[in-house]
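The values are calculated or read from the model by the stated rules, or taken from the named source; none is laboratory data. Fair warning: this is a prediction, and the values are worked out from it, not measured in the lab. Every residue, glycine among them, receives a Cβ derived from its backbone with ideal geometry; neighbour counts consider all protein chains shown. Just the protein is used for accessible areas: all its heavy atoms, side chains included, with ligands, DNA and RNA removed. Shrake-Rupley method; radii C 1.70, N 1.55, O 1.52, S 1.80 Å.
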Amino acid sequence: GENVEQHPSTLSVQEGDSAVIKCTYSDSASNYFPWYKQELGKRPQLIIDIRSNVGEKKDQRIAVTLNKTAKHFSLHITETQPEDSAVYFCAASINSNYQLIWGAGTKLIIKP
Amino acid sequence: DAMVIQNPRYQVTQFGKPVTLSCSQTLNHNVMYWYQQKSSQAPKLLFHYYDKDFNNEADTPDNFQSRRPNTSFCFLDIRSPGLGDAAMYLCATSRGAGGTEAFFGQGTRLTVV
């Protein structure tokens, strides 16, 4: 079955700097890769997603890249701000399968 | 506007006393999920419904049951809560198969005393 690995588990960056979180997946049939942000005590919320027919997607300060050959995808946050502090989860799924396979999460800390 | 609503937000139950958590949605989504999440770990899928079709994850304990009486509502029943069942329980919905956004409710924080 699918397995998603996420690194690093904790990432501390200076406010204004960029943050990169990486995930790898095992099942080449996976074709949908969402990223969720979860603030302390709150629900996970989708911040960006990408499908396997696209290599990169950007939404303001957030971008996701996908390398299907290497089976990895990454989240890039530029010009980090204090409100970016949260736990970020990557996930993968196959269209025919309802289950999202989640990474273990990355705690992002933005230092003032 | 809240689209996936969970009640209650906080639930305290006694060890071994059955408890029910509820979830409702205004999105008219076919799929509803129940996840268990412990202290910043990834959400762990317990089961999901596609319409009335129930799908149980292989490692979901028998202590956990679910009901979906109609499209809008889904319930999580914990028959005999143990201390290890203390967690955040998240309900989510999606329009269809994997490959569509999952919308989460606010969660119910379950404490077992």
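Within region B:16-44, the set of residues being within 13 Å of another protein chain (Cβ to nearest Cβ), in contact with a Leu (Cβ under 7 Å, 6 or more places away or on another chain) and among the hydrophobic types (A, V, I, L, M, F, W, C) comprises just one member, B:34. Summed over region A:67-105, residues that are within 14 Å of chain B (Cβ to nearest Cβ) and under 30 Å from residue B:47 (Cβ atoms) total 20.
Taking residue B:68 and the conditions (1) basic (Lys, Arg); (2) within 23 Å of residue A:97 (Cβ to Cβ); (3) open to solvent by 30 Å² or more (accessible area, probe 1.4 Å), which numbered condition does it fall short on, given that it satisfies the others? The one condition residue B:68 does not meet is (3). For region A:1-29, filtering for residues that are of a type in the set (A, V, I, L, M, F, W, C) and open to solvent by 40 Å² or more (accessible area, probe 1.4 Å) leaves 2.
Within the group B:52, B:44, which residue is within 26 Å of residue A:3 (Cα to Cα) and basic (Lys, Arg)?
On the way: B:52 fails: within 26 Å of residue A:3 (Cα to Cα).
Criteria check complete, one pass: B:44.
For residues in region B:45-56 being within 8 Å of chain A (Cβ to nearest Cβ) and not polar (S, T, N, Q), which is most open to solvent (accessible area, probe 1.4 Å)? Looking at the filtered set, the residue picked out is B:50.
Mind checking whether some residue in region B:102-110 is free of Cβ contacts under 8 Å to residues at least 60 places away in the same chain and aromatic (Phe, Trp, Tyr)?
Let us first name the residues in region B:102-110 that are free of Cβ contacts under 8 Å to residues at least 60 places away in the same chain, namely none.
Within region B:102-110, not a single residue is free of Cβ contacts under 8 Å to residues at least 60 places away in the same chain and aromatic (Phe, Trp, Tyr).
Restricting attention to region B:57-108, the residues that are at the interface with chain A (Cβ under 8 Å from one of its Cβ atoms), outside any loop (DSSP other than H, G, I, E, B) and more than 15 Å from residue B:3 (Cα to Cα) add up to 0. Has region A:52-59 got any residue that is more than 27 Å from residue B:47 (Cβ to Cβ), touching a residue at least 12 places away in the same chain (Cβ under 8 Å) and aliphatic (A, V, I, L, M)? Yes, region A:52-59 contains at least one residue that is more than 27 Å from residue B:47 (Cβ to Cβ), touching a residue at least 12 places away in the same chain (Cβ under 8 Å) and aliphatic (A, V, I, L, M).
Looking at region A:24-57, which of its residues are more than 8 Å from chain B (Cβ to nearest Cβ) and acidic (Asp, Glu)? Once the filter is applied, which keeps residues that are more than 8 Å from chain B (Cβ to nearest Cβ) and acidic (Asp, Glu), region A:24-57 yields A:27, A:39, A:56. Of all residues in region B:30-48, those satisfying the criterion of being over 14 Å from the mean Cα position of the chain (by Cα) and within 16 Å of residue A:44 (Cβ to Cβ) are B:39, B:40, B:41, B:42.
Working only within region B:38-47, note down all residues that are under 27 Å from residue A:9 (Cβ atoms) and in a strand (DSSP E or B).
Here is the first cut: in region B:38-47, the residues under 27 Å from residue A:9 (Cβ atoms) are B:38-46.
Across region B:38-47, the qualifying residues are B:44, B:45, B:46.
For region A:30-44, a residue qualifies if it is open to solvent by 50 Å² or more (accessible area, probe 1.4 Å) and touching a residue at least 12 places away in the same chain (Cβ under 8 Å), and the qualifying residues are A:39, A:40. Is one or more of the residues making up region B:99-111 open to solvent by 30 Å² or more (accessible area, probe 1.4 Å), over 25 Å from residue A:94 (Cα atoms) and in contact with a Phe, Trp or Tyr (Cβ under 9 Å, 6 or more places away or on another chain)? Taking every residue of region B:99-111 in turn, at least one turns out to be open to solvent by 30 Å² or more (accessible area, probe 1.4 Å), over 25 Å from residue A:94 (Cα atoms) and in contact with a Phe, Trp or Tyr (Cβ under 9 Å, 6 or more places away or on another chain).
How many of the residues making up region B:60-75 are among the polar types (S, T, N, Q) and touching a residue at least 40 places away in the same chain (Cβ under 8 Å)? Full working, then the answer.
Within region B:60-75, the subset among the polar types (S, T, N, Q) is B:60, B:63, B:65-66, B:70-72.
Of the ones still in play, those that are also touching a residue at least 40 places away in the same chain (Cβ under 8 Å) are B:71-72.
Adding up the residues that qualify gives 2.
Out of A:84, A:49, one residue alone is closer than 20 Å to residue A:13 by Cβ and charged (D, E, K, R). It is A:84. Can you confirm whether residue A:104 is assigned to a loop (DSSP other than H, G, I, E, B), out of contact with any Pro (no Cβ under 9 Å at 6 or more places or on another chain) and under 13 Å from residue A:4 (Cβ atoms)? When the stated conditions are applied, residue A:104 passes them.
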